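Undergrad: Below is the structure I would like to discuss, written out as structure tokens.
The values are calculated or read from the model by the stated rules, or taken from the named source; none is laboratory data. This structure is a prediction, so every number in the text was calculated from the model and none was measured. Because the Cβ atoms are built from the backbone with ideal geometry, glycine has one as well, and the counts that use them run over all protein chains shown. Ligands, DNA and RNA are excluded from the accessible area calculation, which covers all protein heavy atoms including side chains. Shrake-Rupley method; radii C 1.70, N 1.55, O 1.52, S 1.80 Å.
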Amino acid sequence: MLSSIDLNKLTPGFSDPVQDSRQTFRAVLDAMAHPGRIVIIDNFFSPPPPLNLASAAICLALLDFETTFWTEDLKAKAPGTGWLRFHCGCSVIQNPLEADFALITSPDIMPALNEFNIGNDENPEFSTTLIIQAGRLSATKGKRLTGPGIETFSTFNVEGLTNRFWQDRQSQSAIFPLGVDIIFTCENRLAALPRTTKVEG
Amino acid sequence: MYVAVKGGKEAITNAHKLLAEKRRGDPRVPELGISQIKEQLGLSVDRVMTEGSLYDSELAAIAIKQAQGDLVEAIFLVRAYRTTLSRFGFSIPIETTRMQIQRRISSSFKDIPGGQILGPTYDYTHRLIDFTLRVPENVNSEICRAESAEKAIQNNMTRVADLLANEGLLDNEATYGNNGPVADLTRDPLELPAGRDVRLQNLARGDEGFILSLAYSLQRGFGASGHPFLGEIRYGKVTVEFVPEELGFPIEIGEIPITECIMFNRFMGSSDTPPQFIKGYGLTFGHCERKAMAMSIVDYALSSRELGEKNEYPAQDEEFVLFHSDNVQAAGFVEHLKLPHYVDFQADLVLMRNRLAEFKNDGRKNRGIEDEQAI
Amino acid sequence: MNRQSNIQSKAGTKNSCIDSCIMEGYNYAYLDEQTKRMIRRTILKAVAIPGHQVPFGSREMPLPYGWGTGGMQITASLIGSKDILKVIDQGADDTTNAVSIRRFFSRTAGVLTTTRTQEATLIQTRHRIPETHLIKDQIIIYQVPIPEPLRFIEPRDKEVRRMHALKEYGIMYVKLYEDIARHGRIAKAFDYPVLVNGRYIMSPSPIPKFDNPKMNRMPALQLFGAGREKRIYAVPPYTEVKSLDFDDYPFEVERWPLCCALCGSDSSYLDEIILDDKGSKLFVCSDTDHCNKRVDKGYRGNQEKPVQEAKTCIRTGERKCA
């Protein structure tokens, strides 16, 4: 059982939930439809640590009582978890394999990608969507991305990820259409790496 | 000079005005009141609430008025409103043994504890048009009132099925292995194979005519089970209770009239299920007896998978039944043929013209060959 | 070029419209926020798995099933004050159902609408893809009646889902091959099946196969909504969309030897208009925006001799109207 939420310390979420949710979703859709494109969340509020603005906005826009949520280092009493439980009403679960969404705030110690739900043959969409809070996102140098959503190729780099992460990601390409979809966030910026994207370099 | 047709917007606006005029009819005739519909077209209201999946007689009556009495249209109006309502939570299951009974009969036993109660029914009326109804005030309000019985009908009447269950002759619903949370078709897409909860919800929302015909097909021979027996049909008010999160105990939020039907179906047994009667279940808002009975017959037919029976008739085929029972879906899709399709028809015209030209060419060729052979 | 904008809003300026036009008693863009979140999650998964039909908890809409409820639920989940919406049916903006859907969104979302393809951020369509090339960051939303391309070969949902899961598409190729054996061609003039990103066979919705090539590597995001059948699927920008065919029977679009009687276009999809009881006819562009744009530029068709065959230019191979 999770403990109760300290209501006195809660900071507000979206000031206009209808329009802010919609704008955040459109930003995520834009990123997911154009892998590697860096999209800015044009909003301002103060989520509790360790949540950054983009991660918090994505959670507010997409999570609710119908979604399961996993995170590695937000303990039940951590302000971030309480904040998400209060604003989203999502159920926080222990097993990453059952998560619709997972938030990773320390990518250096994150579980392997195949510890999350990769979907099944008939329902590859059951897979986990990972929100990874990483270091700087950049589109000028780094990995070469190809695949749906990309005209020829795009360049993309995200700081703070381990080699093992990229090896994991590489091995997921063999199981398509299964696999996880990833959204990287940094401050108010985000970029996505759906399972279709081929990463080189 | 050909000019492309325009003006869809005005056409629609005008059509809506004409519709409003047609709905109202002759303005010299007094307008129907919502309470008149609620009180005097109660069975229509009940059907709209049942298939609209929303208990609100006022709203159903408005929908019937708005739809000029077209019940499928009224059901659609109610559904489209229902879908925008936010949810507070789920009531606890209603207890039909505690029903305040107005009608309750069993045709499986001559007499039952509590008695056979005929209640308000068309069953034994002679279907003769009552011309006295033509003149509104002709029927004296005194005559319309039934005399009250000498003895009140007892509440808490045991269901006939529960009487038989003690003997082990009746299924105990374990067959369906359904103890998890109840599914909700209005929130989640239909997945097959469907659990009994999903099937029952689908049938309850399903079109009365469709469910009725399926039940009829089963009775006529397009079904393996043979003759179903009406265990019991009951109609009356039940209490709806709700547990608010902050209170932690149930409170009564209202009373609703419902119709419940339990049908007994003979099951000869399988390797792991003993011979017994299997219950078919039907439940509706208000008084929808025909629907509840048909539903209970089809419910049993759809259990063929759990019972290890062959699935060989249309009404046993859950994919066929569940995907085609909803009249809002069916009406929409059939009627969408009224929308323009000229782009696709043009594509088919081109294809068919080419095909016809080839056919004529081939014909000539074939005849040519025959002529040669004749020589 | 100084072209006048065709953006329409219900009440004069943009801002006042958003504040005042929204229908009372209903949420912004009709759907409640919880429903929108569910649809948004579905759309994201659909984009991540191009061509795969994702089941979703489709809601009853105030329009009948089969009249665009799937497309409308997607549009309602996307649309906002910065969007400009175009709605077409059969390629035309002024067909009654297109008018009705456009009006629905100006009433429930107070959104700006347009008939000009290039001005729109969102285009909801039934049965056509505009002739004007769609560009980066536009989103086209198709209304889909039957999302399952295998349905008329195998009606059982359980079976076809297994086939998609295992990429077992033998029956589709057998069906197409039987067509060729029997009729000398694939007897599919619209809703012609495509293979998306080399993985999933997908229904392009009942667009004429004339439009199929436009889907391939389209810069705009393509979303497909089937309300009654409760499925959403997607094709991300620049994704390969291949119309199914055989090496010896390559995919071909309808040959159109005629020109539009209004604008003289020899390359657009044409509607056949019957003029009188004797069956006289002429052909006009199905895409009204494309046609109007050409007429504005001074192009004219020939109504004296309305059914005019385009001649093939010997030098370039292009078809031109005489």
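Undergrad: I need a count of the residues in segment C:156-179 that are within 13 Å of residue A:121 (Cβ to Cβ) and touching a residue at least 24 places away in the same chain (Cβ under 8 Å).
TA: Matching residues across segment C:156-179 total 2.
Undergrad: Here is a further query. Return yes or no: is residue C:109 within 9 Å of chain B (Cβ to nearest Cβ) and in contact (Cβ under 8 Å) with a residue 40 or more places away in the chain?
TA: no
Undergrad: Same structure again: Please verify whether segment C:67-83 includes one or more residues that are within 30 Å of residue A:198 (Cβ to Cβ), in contact (Cβ under 8 Å) with a residue 60 or more places away in the chain and either touching a helix residue (DSSP H, G or I) at 6+ places or on another chain (Cβ under 8 Å) or assigned by TED's automatic domain parsing to the domain that holds residue C:231 (or both).
TA: Scanning segment C:67-83, I find at least one residue that is within 30 Å of residue A:198 (Cβ to Cβ), in contact (Cβ under 8 Å) with a residue 60 or more places away in the chain and either touching a helix residue (DSSP H, G or I) at 6+ places or on another chain (Cβ under 8 Å) or assigned by TED's automatic domain parsing to the domain that holds residue C:231 (or both), so the answer is yes.
Undergrad: Among the residues of segment B:257-298 satisfying the criterion of being among the β-branched types (Val, Ile, Thr) and in contact with a Gly (Cβ under 8 Å, 6 or more places away or on another chain), which is nearest to residue B:207 (Cα to Cα)?
TA: B:298
Undergrad: Then there is this: Kindly list the number of the only condition in (1) surrounded by fewer than 22 Cβ atoms within 10 Å (Cβ to Cβ); (2) at pLDDT 95 or above; (3) touching a Phe, Trp or Tyr at 6+ places or on another chain (Cβ under 6 Å) that fails for residue A:26.
TA: (3)
Undergrad: Moving on to the next point. Could you check segment A:142-154 and list, in sequence order, the residues that are in contact with a strand residue (DSSP E or B) (Cβ under 6 Å, 6 or more places away or on another chain) and of a type outside the set (Phe, Trp, Tyr)?
TA: Scanning segment A:142-154 gives A:142, A:143, A:144, A:145, A:146, A:147, A:154.
Undergrad: Quick test for you: out of B:208, B:252, B:246, B:232, pick the one residue that is farther than 30 Å from residue B:154 by Cβ and more than 16 Å from the chain's Cα centre (by Cα).
TA: B:246
Undergrad: Now, a different point. Which residues, counting only those in segment C:44-69, are more than 14 Å from chain B (Cβ to nearest Cβ) and open to solvent by 10 Å² or more (accessible area, probe 1.4 Å)?
TA: Of everything in segment C:44-69, those that are more than 14 Å from chain B (Cβ to nearest Cβ) and open to solvent by 10 Å² or more (accessible area, probe 1.4 Å) turn out to be C:44, C:52.
Undergrad: Another question, if that's okay. Give the residue, chosen from C:161, C:228, that is in a loop (DSSP other than H, G, I, E, B), open to solvent by less than 50 Å² (accessible area, probe 1.4 Å) and either within 10 Å of another protein chain (Cβ to nearest Cβ) or in contact with a Gly (Cβ under 7 Å, 6 or more places away or on another chain) (or both).
TA: C:228
Undergrad: Let me spell it out: the conditions are (1) within 22 Å of the chain's Cα centre (by Cα); (2) more than 20 Å from residue C:254 (Cα to Cα), and residue C:174 meets all of them except one. Which number is the exception?
TA: It fails just one condition, (1).
Undergrad: Does segment C:265-306 hold any residues that are part of a loop (DSSP other than H, G, I, E, B) and over 24 Å from residue B:340 (Cα atoms), and which are they?
TA: C:297, C:298, C:299, C:300, C:301, C:302, C:303, C:304, C:305
Undergrad: In addition: Kindly indicate which of B:222, B:249 is touching a helix residue (DSSP H, G or I) at 6+ places or on another chain (Cβ under 7 Å) and assigned to a loop (DSSP other than H, G, I, E, B).
TA: B:222
Undergrad: If you don't mind, there's one more thing I want to ask. I'd like to know if segment C:238-249 contains one or more residues that are crowded, with 24+ Cβ neighbours inside 10 Å, more than 10 Å from every other protein chain (Cβ to nearest Cβ) and in a strand (DSSP E or B).
TA: no
Undergrad: Is there a residue in segment B:65-75 that is over 25 Å from residue B:333 (Cβ atoms) and either open to solvent by less than 80 Å² (accessible area, probe 1.4 Å) or assigned to a helix (DSSP H, G or I) (or both)?
TA: yes
Undergrad: When only residues in segment C:23-34 that are at the interface with chain B (Cβ under 8 Å from one of its Cβ atoms), without any contact (Cβ under 8 Å) to a residue 40 or more places away in the chain and not in a helix (DSSP H, G or I) count, which is least open to solvent (accessible area, probe 1.4 Å)?
TA: Filtering segment C:23-34 for residues that are at the interface with chain B (Cβ under 8 Å from one of its Cβ atoms), without any contact (Cβ under 8 Å) to a residue 40 or more places away in the chain and not in a helix (DSSP H, G or I), the one least open to solvent (accessible area, probe 1.4 Å) comes out as C:32.
Undergrad: Moving on to the next point. If we keep just the residues of segment A:65-81 that are buried (at least 21 other Cβ atoms within 10 Å of the Cβ) and of a type in the set (Ser, Thr, Tyr), which is modelled with the lowest pLDDT?
TA: Across segment A:65-81, the extreme among qualifying residues is A:81.
Undergrad: Okay, next question. Among the listed residues C:37, C:107, C:103, C:41, which satisfies the condition of being open to solvent by 40 Å² or more (accessible area, probe 1.4 Å), at pLDDT 95 or above and not in a loop (DSSP other than H, G, I, E, B)?
TA: Matching residue, one of C:37, C:107, C:103, C:41: C:37.
Undergrad: Looking at segment A:101-133, which of its residues are within 12 Å of chain C (Cβ to nearest Cβ), open to solvent by less than 20 Å² (accessible area, probe 1.4 Å) and of a type in the set (Phe, Trp, Tyr)?
TA: Listed by number, the list holds a single entry, A:101.
Undergrad: Residues in segment A:170-201 that are open to solvent by less than 10 Å² (accessible area, probe 1.4 Å) and among the basic types (Lys, Arg): how many?
TA: 0
Undergrad: Determine whether segment A:148-159 contains at least one residue that is within 30 Å of residue C:222 (Cβ to Cβ), of a type in the set (Phe, Trp, Tyr) and free of Cβ contacts under 8 Å to residues at least 40 places away in the same chain.
TA: Yes, the conditions are met somewhere in segment A:148-159.
Undergrad: With C:289, C:277 as the choices, which residue is at pLDDT 90 or above and more than 14 Å from chain A (Cβ to nearest Cβ)?
TA: One residue alone meets the criteria, C:289.
Undergrad: Shifting gears a bit: On the basis of being within 14 Å of chain C (Cβ to nearest Cβ) and part of a loop (DSSP other than H, G, I, E, B), does residue A:69 make the cut?
TA: In short, no.
Undergrad: Here is a follow-up. Quickly run through segment C:250-264 and pick out the residues that are part of a strand (DSSP E or B) and at the interface with another protein chain (Cβ under 8 Å from one of its Cβ atoms).
TA: If the condition is that a residue be part of a strand (DSSP E or B) and at the interface with another protein chain (Cβ under 8 Å from one of its Cβ atoms), then no residue fits.
A quick yes/no check of all residues on (1) more than 23 Å from the chain's Cα centre (by Cα); (2) under 12 Å from residue B:236 (Cβ atoms); (3) open to solvent by 80 Å² or more (accessible area, probe 1.4 Å); (4) at pLDDT below 90:
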{"site": "B:78", "(1), (2), (3), (4)": "no, no, no, no"}
{"site": "B:84", "(1), (2), (3), (4)": "no, no, no, yes"}
{"site": "B:94", "(1), (2), (3), (4)": "no, yes, no, no"}
{"site": "B:98", "(1), (2), (3), (4)": "yes, yes, yes, no"}
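Undergrad: Restricting the search to segment B:265-278, which residues are open to solvent by 30 Å² or more (accessible area, probe 1.4 Å) and in a strand (DSSP E or B)?
TA: Hits for segment B:265-278 are B:266, B:277.
Undergrad: Which residue, of C:169, C:177, is out of contact with any Phe, Trp or Tyr (no Cβ under 6 Å at 6 or more places or on another chain), modelled with pLDDT of 95 or more, outside the structural domain of residue C:219 (by TED's automatic domain parsing) and open to solvent by 10 Å² or more (accessible area, probe 1.4 Å)?
TA: C:169
Undergrad: Please verify whether residue C:208 is under 14 Å from the mean Cα position of the chain (by Cα) and over 26 Å from residue C:39 (Cα atoms), treating the condition exactly as stated.
TA: Taking the combined requirement at face value, the residue satisfies it.
Undergrad: In addition: Go over the candidates B:13, B:84, B:50 one by one and state the one that is within 13 Å of another protein chain (Cβ to nearest Cβ) and in contact with a strand residue (DSSP E or B) (Cβ under 9 Å, 6 or more places away or on another chain).
TA: B:84
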